[in-house]
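Below is one structure, written out as structure tokens; comments come after it.
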Amino acid sequence: MGNQVEKLTHLSYKEVPTADPTGVDRDDGPRIGVSYIFSNDDEDMEPQPPPQGSDGGGGGLPDGGDSPPLPPPQPYDPRLHEVECSVFYREECIYQKSFAPGSAALSTYTPENLLNKCRPGDLVEFVSQAQYPHWAVYVGNFQVVHLHRLEVSNSFLTDASQGRRGRVVNDLYRYKPLSPSAVVRNALAHVGAKERELSWRNSESFAAWCRYGKREFKIGGELRIGKQPYRLQIQLSAQRTHTLEFQSLEDLIMEKRRNDQIGRAAVLQELAMHLHPAEPDEGDCDAARTTPPPGRLPASGRREEDREAVVH
């Protein structure tokens, strides 16, 4: 039933109650990032942006008037398009995407070059600007198993990439992985499953379940009651973060993937509008502040800059 119900509309950050960005956990009732109950974010079902070239439609003015030619598309740069973030279950960091200096883990490769880096059981992520990232499990013999258009398919890696650049992402999640043979067995066992037979809402959840075997990646794998135990910490700058709370890892993954699809600039713009509204309502100044005043300590007893350093 989960992925047969019409997808819920995502609320903007301004409309969504969030965790206090200073890290102070005030006991003022439940807060949640966003709930994607009974929704599906299959990336291939999402509308794609119109062509950006001057030819082929969508690139000129509606009235056919003169317009300056659009610049050629820029090479994909993860540091420009992707959002640095960490995921916490209570106090444990279970996922981290960081562009720290000297880190090459998120470098991308053409599908042909990526084949030389893959081993059976590896998680592969294909990325492109303005698209949901697409995850797959490499099973050997140049092939991957992936959730594509509401069906688990066995494809050649070059075909599954659809021309996108890719990378091996075994180290993003910090769970203990299963053996490579078990990962491959999990993936191949579900080839052909589709629609009502599926237990995952997107390619990332399916691939991660194959590698780690944790029920939290499945639809309904966790009860949505009580305090939100998951936190998505979005890196705004070197010293500033914003935190959203979720009742399930499944919901958090949906939001993280949405951020990747709309891109870093759009995420930062949304958060800027939420945290620093142009005309804040009276009494809302504290809610727009992302860091405490100088010298003020959060409730945890540490200065904000000390708390920020934990995520690196």
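Modelled this way, with points 7 Å down the Cα-to-C-beta line, the labels at ASP171 and CYS93 are 1.3 nm from one another.
Can you give the net charge of the other residues whose Cβ lies under 15 Å from the Cβ of TYR109, counting K and R as +1 and D and E as -1? Once all neighbours under 15 Å are counted, the net charge is +1.
Protection proxy ranking, highest mean first, for peptides 157-167, 176-186: 157-167, 176-186, where packing is the per-residue count of other beta-carbon atoms within 10 Å, averaged.
Over all other residues within a Cβ to Cβ distance under 14 Å of LEU223, the charged ones net out to 0, with Lys and Arg as +1 and Asp and Glu as -1. When the residues ASP77, ASP122, ASP171 are ordered by accessible surface, computed with a 1.4 Å probe over the protein chains alone, the sequence from largest down reads ASP171, ASP77, ASP122.
Ordered by 1.4 Å accessible area with all protein chains kept, HIS242, HIS148 run largest first as HIS148, HIS242.
If you sort LYS214, LYS227 by accessible surface, 1.4 Å probe, largest first, the order is LYS227, LYS214. Expressed as a whole percent, the accessible surface of segment 162-238 that belongs to carbon and sulfur atoms is 49, based on a 1.4 Å probe.
The values are calculated or read from the model by the stated rules, or taken from the named source; none is laboratory data. Keep in mind it's a predicted model, so treat the numbers as computed, not measured. Cβ atoms come from the backbone with ideal geometry, glycine included; neighbour counts cover every protein chain shown. These accessible areas exclude ligands, DNA and RNA; they are computed on the full protein's heavy atoms, side chains included. Shrake-Rupley method; radii C 1.70, N 1.55, O 1.52, S 1.80 Å.
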